[in-house]
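Comments concern the structure below.
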Amino acid sequence: MDHIKTFHSLTIERELGKLVVEGPVPPERLAEWSMHEQLDAFRRPPEQLEALVEIAALPEGRIIAARDGDTIVGYVTFHYPDPYERWSQSGMNDLIELGAIEVADSYRSFGIGKKLLQLAFAGRQMENVIVYTTEYYWHWDLRGSGLSVWEYRAMMERLMKSVDMVWYATDDPEICSHPANCLMVRVGEDVPLASEERFDRVRFQYRYMY
């Protein structure tokens, strides 16, 4: 299938200067930038930048980034499911994971997360795919945000709903391991019914959960 990558950009005005949100960013451009030191939720910042460059080079991969000059201060990733996860079992080429969204602590008051997502779906470029994200409470910055588990969960739901992602039920053991974990999904307008049905079979694999 064709993975449509239509570049978009916008600016966020602030007293200390403009922030640029853009993407999908090609790998060679990402490699020219540096990673903010606070972007360390998954790996050390230099290693995470290497991972972003690798994702951007994938046919289906896309990185939407927010930058302050040449420093990345926020990003969101899209790619095929990890081959070791249940979501890859269907072999669907129109199932894409929203793998990570991260914003540096000192930039979290500018609505960057919502802008990253809105730009990712701009121009109908994701209407031929199902996009899902798995939210696990152990990935959330509860200490830095000062929020409780349920307050953070509500915040993440509001963020995902800003691009029409909705809560979906599943019997996935990791998601079911804590009531705050959840699966959020957006089915593009051009996704065939057959793909939705295949995704449903991936979501539920234990008969007693039907």
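How would the range 97-201 be classified by its alpha-carbon gyration tensor: rounded, prolate or oblate, with rounded meaning a/c under 1.5 and the a/b versus b/c comparison settling the rest? Oblate, because a/c is 1.5 or more while a/b does not exceed b/c. Beta bridges per DSSP, both residues in the chain: antiparallel share near 85 percent. Converting phi to 3J(HN,Hα) with the Karplus coefficients 6.51, -1.76 and 1.60 and the offset θ = phi - 60°, the range 150-163 yields 6, 5, 5, 4, 4, 5, 5, 5, 4, 4, 5, 5, 5, 10 Hz in sequence order, with x at every glycine or proline. For the chain, a simple Cβ point-charge model (Lys and Arg +1, Asp and Glu -1, everything else neutral) yields a dipole of about 400 debye relative to the Cα centre. Applied to the range 24-35, the Karplus parametrisation 6.51 cos²θ - 1.76 cosθ + 1.60 on θ = phi - 60° returns per-residue 3J(HN,Hα) values of x, 8, x, x, 5, 6, 4, 5, 7, 9, 10, 9 Hz, with x for Gly and Pro. Between amide H atoms placed 1.01 Å from N, distances below 5 Å from R108 occur with no residue 5 or more places distant or on a separate chain. Round to a whole angstrom and tell me the spacing of the C-alpha centers of the range 59-128 and the range 170-197. The range 59-128 and the range 170-197 have Cα centres separated by 17 Å. Helix 45-56 and the longest principal axis of the Cα set of the chain meet at an angle near 60°. Annotation: amide H-H contacts under 5 Å for N181 (H modelled 1.01 Å from N, sequence separation of 5 or more, or interchain): Y137. In this structure the amide hydrogen of I63, modeled in the peptide plane, comes within under 5 Å of the amide hydrogens of V25, none closer than 5 places in sequence on its chain. Here the simple spin-label model places points 7 Å from the Cα toward Cβ, and for W150 and R201 these points are separated by 3.8 nm.
Net charge around L183, counting only other residues with Cβ within less than 14 Å of its Cβ (Lys, Arg = +1; Asp, Glu = -1)? Spelling it out: positives minus negatives among the neighbours equals -3.
Read-outs throughout are calculated quantities, based only on the coordinates presented, and are distinct from any laboratory measurement. Keep in mind that this is a model prediction, so the values were computed, not measured. Reconstructed Cβ throughout: ideal geometry from the backbone, glycine too, with neighbour counts over all protein chains shown.
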